[in-house]
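Below: the structure, in structure tokens.
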Amino acid sequence: MVRNLILIGFMGTGKTTVGRSCAQRLKWSFIDTDHEIERELKCTIAHIFHYRGEEYFRQVEVEVLQGILQGSGQVIATGGGIVTHSAARALLEQSRTAGSRIVWLKARPGVIMKRVGRSLERPLLNNEKPLDTITDLLAKREHWYQQLADAMIDTSDVAAVQVVETVLNFLDAGEA
Ligand code: S3P
């Protein structure tokens with residue numbers, strides 16, 4: 001029995017959309033770490049980055065992840081940068097050992113750019129050259145996504161409904 005389904009991957013790869021549909025299909029709860037952080041601190045991610053900085057955000061992100069991973073029967077969409085924190089990586093590894101499955105959603109930089117662009121909601125991309133930032137951050141993060149994932153799905157040219165099917169098939173195959 002799979003404990004939790006955890007979606008990792010860069011911004012704009014479909015974690016929230018795909019995660020919500022998977023949760024509906026599985027009749028599991030859906031949790032988005034960004035949303036939990038905003039709920040807990042009662043302000044937006046953009047505000048947290050602006051007033052408290054990224055390091056503070058990462059600390060809260062790890063705490064929130066730790067709390068969520070106590071539970072089971074959940075589809076968890078994680079923030080794209082969660083893998084940059086060693087404590088978060090350790091928590092994800094532990095959860096995998098405890099029976100969670102980690103799926104890495106991936107997309108090409110140009111596709112990510114089209115999906116999120118210069119996003120006010122995503123402070124790391126709210127600059128003059130978001131495509132450069134995307135390429136840069138992807139190069140830094142991809143080995144972590146790869147290291148943690150049980151499966152990878154490229155969502156660049158695939159509709160979200162199809163990605164959902166692929167994720168659910170992957171979970172079923174693991175159950176057999
Ligand atoms: C971030 C990704 C965002 C959010 C924050 C930082 C990142 O989440 O956590 O803006 O560092 O890649 P999404 O991946 O859900 O957009």
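The values are calculated or read from the model by the stated rules, or taken from the named source; none is laboratory data. Here the structure is a predicted model, which is why all the values come from computation and not from measurement. All Cβ positions, glycine included, derive from the backbone under ideal geometry; neighbour counts span all protein chains shown. These area figures cover heavy atoms from the full protein model, side chains too; ligands, DNA and RNA do not enter into them. Shrake-Rupley method; radii C 1.70, N 1.55, O 1.52, S 1.80 Å.
Please identify the trypsin sites (Lys or Arg not before Pro) of segment 28-70 that satisfy two criteria: DSSP loop assignment and at most 14 other Cβ atoms within 10 Å. Which are they? Working shown, then result.
Details: sites: 39, 42, 52, 58; in loops: 42.
Sparse-neighbourhood loop trypsin sites (Lys or Arg not before Pro): 42.
State in Å² the accessible area per residue of the chain; use a 1.4 Å probe, count heavy atoms of protein chains only, and round to the nearest integer.
That works out to 51 Å² per residue.
For the pairs 15/129; 27/106; 27/140, note any where the Cα-Cα span goes beyond 29 Å.
27/140
Using Cα positions and a limit of under 20 Å, work out the aspartates and glutamates in reach of residue 42, with same-chain residues fewer than 8 apart set aside.
Here the aspartates and glutamates satisfying the reach criterion relative to residue 42 are 32, 34, 54, 55, 61, 63, 121.
What 222 nm value per residue comes from the helices of the chain, counting each DSSP H run with n ≥ 4 as -39,500 (n - 2.57) and dividing by all residues, nearest 500 deg cm²/dmol?
-17500 deg cm²/dmol
Just how much of residue 108 is accessible, in Å², when a 1.4 Å probe is used and the result is rounded to the nearest 10?
In the full protein context, residue 108 sits at about 110 Å².
Cα centroid distance between segment 104-156 and segment 1-34, in Å?
Cα centroid of segment 104-156 versus Cα centroid of segment 1-34: 17 Å apart.
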